[in-house]
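S.K.: Can you read through this structure? Questions will come right after.
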């Protein structure tokens, strides 16, 4: 029998693959290499880096105390007496307030998204992998949250809880859980249908081991890209909450709050009043650029 | 390792399947909603994907499973691997019933592994090849280093250099390499039986030959038993000792490869063999070996499922289901077919006389 198998077949030796010069990096190494070739993503990452560093080291970077002003320098334009970016309606240095305001705004942008990614992502994987019943229960509950416009939902939750930075974060987290859950569920359902999940199951792996080794790694790409695009939405929403007086209270510096108080003075010093809006705009554009770059770089062939 | 696991001795078949059944209930169209209007209050529509399949696989042999698309080959593989729950039927692995009262599914999976058709989709794109292979041993409780060593060994078994290929990702490999990695993944656990579901169908001819030779060598060296599922008759004939022919979820013929390919007993098998393109232009097929499409697996014809397309169909064929009957000339050969022609006194006009000689099957006439 063995002879027949040998003779009947074409004798082709296995071609030995040539050694490759450069050691192939990991998946993330490859993503980083591709990311470096995209100028938009690099610009976004650089600007974000500067903003984040400035916010972290605000006490050393900011030229003035953001909370103390002088009556004499109220609503002054750019360059007035050492105030590089002018001064606000209480005579406080705008540059210092923008730098300190970045702390709250970035926190409000990133923390809710991280929380929503963990919670919503967990629900999404459970819905996508846990079978029909789990899927129906989780996704229909998410649909209920979807029925509300996100801004209204955030305003209503923050308002009901009393208002404050923590309440704002909780509200934004709740707003982001349903879309995060849906994105994760879709990605998980796609991965779950592939043969390598069945192969893992037939090697005796249980559901948790399959999720840990085979599902999370394949779902992480689209989920991270989506999360990074949510950050700019989160910054804008939290600015809106502060603007309505629901999240950050004076005198704390926050871009949204600064925008709302300076709005009354827009005819006196228009450029100074536009600064917090510009900061929000630049930050969210940078996040969008970075997430676009990530989306492209993570699109590794299967 | 396989010696210590050999419980029943060489005479005990490694795997016996008895009366496996899997029906899929149809939802929506034609199912519950439409069903009430169309069918009255009858049972909901069901697809008879695998409908009473029984066979046994001897230790060390290769059982080929052939049939056209949709005949239930892949469902059968998934039933065997317990990736789908079976509605009915029994599996006996080397004398032990799988399920209550016998060995459990985890114990079954330590001894039986599967290779899937799509070599790309069956490898995790985010894991390096060696990690994909080491996953099985890790799950089976081996230490990290132990599993890594098993992965290296499995890669060497399939003629891939562990140092060169091990740290690559699936998208960096060719189709043939990927399928060899899949074979290595199945071997890493140290199974006694491998179910190969169309393992070479997605590969081009020269790579097919490589992988088939590799499979034949591994079977000899590791003492493996194969169930080889394919729609490619040439490949099945080449690699199998015995062949099982499926049609619409049922076994229509089973027997030694040589006997089945040289003298098919069932009209369907003959038509299947006659539909192969010939290498010889003078043997060009002018007439369709079999006409029409397989019937809808939801609305199955009564009696023999091949009867509506069969040239020899008579009244008896639609009256009842033919049992598997042995070859009357060589009853001990294990060559059986489910056709009334081979059932003595079945009422078929050809009963007991065998399938008529057909000019098409012999290829003497155009």
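The values are calculated or read from the model by the stated rules, or taken from the named source; none is laboratory data. Being a predicted model, the structure only gives us computed values, none of them experimental. Cβ placement follows ideal geometry from the backbone for every residue including glycine, while neighbour counts extend to all protein chains displayed.
S.K.: What's the number of the condition residue A:127 fails, among (1) within 14 Å of another protein chain (Cβ to nearest Cβ); (2) under 30 Å from residue B:110 (Cα atoms)?
M.R.: Just one mismatch for residue A:127, condition (1).
S.K.: Further question on the same structure: Restricting attention to helices (runs of 4 or more DSSP H) lying wholly within segment A:184-302, give those where 3 or more residues are over 30 Å from residue B:170 (Cα atoms) and away from chain B (no Cβ under 14 Å).
M.R.: Working: elements: A:195-202, A:207-210, A:216-243, A:255-262, A:270-297.
Helices (runs of 4 or more DSSP H) meeting the threshold: A:216-243, A:255-262, A:270-297.
S.K.: List the number of the failed condition for residue A:134; all other conditions in (1) touching a helix residue (DSSP H, G or I) at 6+ places or on another chain (Cβ under 8 Å); (2) touching a residue at least 12 places away in the same chain (Cβ under 8 Å); (3) away from chain B (no Cβ under 14 Å); (4) surrounded by fewer than 20 Cβ atoms within 10 Å (Cβ to Cβ) hold.
M.R.: (2)
S.K.: Looking at (1) part of a helix (DSSP H, G or I); (2) more than 14 Å from chain B (Cβ to nearest Cβ); (3) in contact with a helix residue (DSSP H, G or I) (Cβ under 9 Å, 6 or more places away or on another chain), which is the one condition that is false for residue A:163?
M.R.: (1)
S.K.: Residues that are within 12 Å of another protein chain (Cβ to nearest Cβ) and either at pLDDT below 90 or in contact with a strand residue (DSSP E or B) (Cβ under 8 Å, 6 or more places away or on another chain) (or both): which helices (runs of 4 or more DSSP H) entirely in segment B:143-201 hold 1 or more of them? Before you say what the answer is, go through the steps one by one.
M.R.: Numbers: elements: B:144-157, B:162-165, B:175-187.
Counting at least 1 such residues, we get B:162-165, B:175-187.
S.K.: Let me spell it out: the conditions are (1) farther than 19 Å from residue B:81 by Cβ; (2) within 12 Å of another protein chain (Cβ to nearest Cβ); (3) surrounded by fewer than 22 Cβ atoms within 10 Å (Cβ to Cβ), and residue B:139 meets all of them except one. Which number is the exception?
M.R.: (1)
S.K.: Restricting attention to segment A:70-82, report how many residues are in contact (Cβ under 8 Å) with a residue 24 or more places away in the chain and more than 11 Å from residue A:95 (Cα to Cα). Walk me through how you get there before you give the answer.
M.R.: Start the filter on segment A:70-82 by keeping residues that are in contact (Cβ under 8 Å) with a residue 24 or more places away in the chain, which leaves A:75-78.
The next check asks that each one be more than 11 Å from residue A:95 (Cα to Cα); those that pass are A:75-77.
Number of matching residues: 3.
S.K.: Mind checking which residues of segment B:96-128 are out of contact with any strand residue (DSSP E or B) (no Cβ under 9 Å at 6 or more places or on another chain) and either more than 14 Å from chain A (Cβ to nearest Cβ) or over 30 Å from residue A:29 (Cα atoms) (or both)?
M.R.: Residues of segment B:96-128 that are out of contact with any strand residue (DSSP E or B) (no Cβ under 9 Å at 6 or more places or on another chain), as a first pass: B:100-101, B:106, B:109-110, B:118-121, B:123-128.
Of everything in segment B:96-128, those that are out of contact with any strand residue (DSSP E or B) (no Cβ under 9 Å at 6 or more places or on another chain) and either more than 14 Å from chain A (Cβ to nearest Cβ) or over 30 Å from residue A:29 (Cα atoms) (or both) turn out to be B:100, B:101, B:106, B:109, B:110.
S.K.: Just for segment B:202-239: of the residues that are modelled with pLDDT of 90 or more and assigned to a loop (DSSP other than H, G, I, E, B), which one is surrounded by the fewest Cβ atoms within 10 Å (Cβ to Cβ)?
M.R.: Restricting to residues being modelled with pLDDT of 90 or more and assigned to a loop (DSSP other than H, G, I, E, B), the top hit is B:223.
S.K.: Out of all the residues in segment B:127-142, which are touching a residue at least 24 places away in the same chain (Cβ under 8 Å), touching a helix residue (DSSP H, G or I) at 6+ places or on another chain (Cβ under 8 Å) and either part of a loop (DSSP other than H, G, I, E, B) or under 18 Å from residue B:218 (Cα atoms) (or both)?
M.R.: Of everything in segment B:127-142, those that are touching a residue at least 24 places away in the same chain (Cβ under 8 Å), touching a helix residue (DSSP H, G or I) at 6+ places or on another chain (Cβ under 8 Å) and either part of a loop (DSSP other than H, G, I, E, B) or under 18 Å from residue B:218 (Cα atoms) (or both) turn out to be B:127, B:133, B:140.
S.K.: Can you tell me how many residues in segment A:32-58 are under 13 Å from residue A:100 (Cα atoms) and at pLDDT below 85? Explain how you work it out, then say what you get.
M.R.: First, pick out the residues of segment A:32-58 that are under 13 Å from residue A:100 (Cα atoms): A:51-58.
Those still in the list that are at pLDDT below 85 too: A:58.
Residues meeting the conditions: 1.
S.K.: Let me confirm something: among A:217, A:207, which residue is within 23 Å of the chain's Cα centre (by Cα), surrounded by fewer than 21 Cβ atoms within 10 Å (Cβ to Cβ) and under 29 Å from residue B:182 (Cα atoms)?
M.R.: Details: A:207 fails: within 23 Å of the chain's Cα centre (by Cα).
Checking each option against the conditions leaves just A:217.
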